[in-house]
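The structure under discussion appears below in the form of structure tokens.
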Amino acid sequence: MRAHEHGVSRQRAAARRLSGAGWRIVLLASLGGTLEFYDFVIFGIFAKDIAEAVFPIASPLVSLMASFAAFATGYLARPIGGIVLSHYGDRFGRRRVFLASVFAMSGATVGMGIVPDYARWGIGASALMVLLRLVQGFCLGGELPGALTYAVETAPELAPLVCAVVFACVTMGVAVATGVNLAVRVILAAPSVPVYGWRIGFIVGGLGGAMTFALRRSLEESPEFARMRALALRRPFRELLKTHTPSAVAGCALLAATACFNGLYFSHLPAYLTAVLHYDARRAVVTQTVGVTVHALAILLVGWIADRVPPRQLLRSGALLLLLLAYPFYYALATRALDLSIVLVLAGLCGGLINGSFAALLTDLFPTRVRFSGVALSFNIAFTVFSGMAPLVATTLIQATGSPAAPAIVMAVGAAISLSASVMAPPLGGHLLGDGIRIEKPGNGE
């Protein structure tokens, strides 16, 4: 009996070690997320400059709102992209979706970098920018859910850690974007940035996406999907809605804090610091880059801890901290009560608790045959509602209330929703986390 237990223990320990080839697969999946998230958030980072070039309005704040409205349209396309791309991912495999999404998004990003300005094309320039933004959103709707699904199916025994690696790499895409922003503002004169400096960021992202496409061609299908191919559904999305709707709802609510934090911290903050609070643009970029880098390291640390502490407890802790500290954070920024770098680093550490734990809980909610569809639906609805609209709602609240600390309301609402949802998720999960993995059975949608 002891020999048997010892053998089982050794098998479990071996399963919890990922080979070099396995880590290569996870990192390649993550690299795509890094570059595609760079492509997506670069719009928010250069929102103020894009507003001047493509959405010029007499009032600077209203012009910024128009730019953020265009930013939000990309999120509106994400649920549609998630449904379409995850359908093919659950039916035919993850690899094909990976290649198609990164190829299309790279083309759209380069296109955004060469869109004529409003002075030459008028409203046509604005319309074309919005259209390309929709293409970006459609592609990203399948990219990040696909990367998370692929990673956990490559190493299900290490789901919290590999999910954290994916999202840490995604976060570093934001750090790269802020670094490009800094380089542009250091190298070019300030008047040149709204004219053509912001375009450099989009072209760099598009070329990086082309490199990712070339690297991803070497990826094979995820091992777990390959084993479950016989159970692949013809209509996975219909099966998801029929049998896993409560899990999808719980997933959306779990992601509320993550989505609000990302929309505010990554996309709204650069324009907020310079256009609303009048911080020096270069200093704001440097400090945000430091904060984002610390945030990425915090995500990795939380992913490592989540292998020892239940991820739901870490998510609850992060959501509670963000709920309690949202107003002090924005008050400190508005009044300059603390050094900017200290505030952004502390916010990045708190956000690491939710961004390092949410993905393991989300992927745990769905079985393999509908996992891509379930993760994509929950992820994209949550990010459309809470992240895509966060910069626009935050800016509108500032204008309506006259208070520069008004964005704290957005963060507090998202944190409260995730905190409540963390109670719902564990009973609905159990497909990856815990002592056992549920048996896969054909669904009615086959």
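The values are calculated or read from the model by the stated rules, or taken from the named source; none is laboratory data. Quick caveat: nothing in here was measured; it's all calculated off a predicted structure. Methodologically, a virtual Cβ is constructed for each residue, glycine included, from the backbone with ideal geometry; neighbour enumeration extends over all protein chains shown. Surface areas here come from the heavy atoms of the whole protein model, side chains and all, with no ligands, DNA or RNA. Shrake-Rupley method; radii C 1.70, N 1.55, O 1.52, S 1.80 Å.
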* What whole-number value in Å² describes the accessible area per residue of region 51-180 for a 1.4 Å probe? -> 31 Å²
* Can you run phi through the Karplus equation (6.51, -1.76, 1.60; θ = phi - 60°) for region 317-331 and list ³J(HN,Hα) in whole Hz, with x for Gly and Pro? -> 4, x, 5, 5, 4, 5, 4, 7, 9, 4, 5, x, 4, 6, 5
* Label-point separation in nm, L297 to K242, each point 7 Å along Cα→Cβ -> 5.0 nm
* Asked: Residue-wise, which Karplus ³J(HN,Hα) couplings in Hz belong to region 265-279, taking 6.51 cos²θ - 1.76 cosθ + 1.60, θ = phi - 60°, and x for glycine or proline?
  -> 6, 8, 9, 7, 4, x, 5, 4, 5, 8, 7, 9, 9, 6, 6
* Structure fact -> Ignoring ligands and nucleic acids, W304 exposes an accessible area, probe 1.4 Å, in Å² to the nearest 10, of 130 Å²
* Asked: Taking amide hydrogens as modeled 1.01 Å from N in the peptide plane, which residues meet the under 5 Å criterion relative to R235, leaving out close sequence neighbours?
  -> none
* Arrange the peptides 68-74, 235-241, 398-404 so that the one whose residues have, on average, the most other Cβ atoms within 10 Å appears first. => 68-74, 235-241, 398-404
* Structure fact -> Residue by residue through region 41-53, the couplings from Karplus 6.51 cos²θ - 1.76 cosθ + 1.60 with θ = phi - 60°, in Hz, x for Gly and Pro, are 7, 4, 4, x, 5, 9, 4, 5, 6, 5, 4, 5, 7
* Between V186 and W23, what is the spin-label point distance in nm, taking each point 7 Å from the Cα along the Cα→C-beta axis? -> 3.0 nm
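Between L61 and L99, what length comes free when the chain is fully extended (0.36 nm per residue of separation minus the Cα-Cα distance, one decimal in nm)? Please list the in-between numbers first.
On the way: separation 38, 0.36 × 38 = 13.68 nm, distance 3.88 nm.
Extra length available between L61 and L99 comes to 9.8 nm.
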* Using mean Cβ contacts within 10 Å as the protection proxy, how do 340-346, 253-259, 48-54, 204-210 order, highest first? -> 253-259, 48-54, 204-210, 340-346
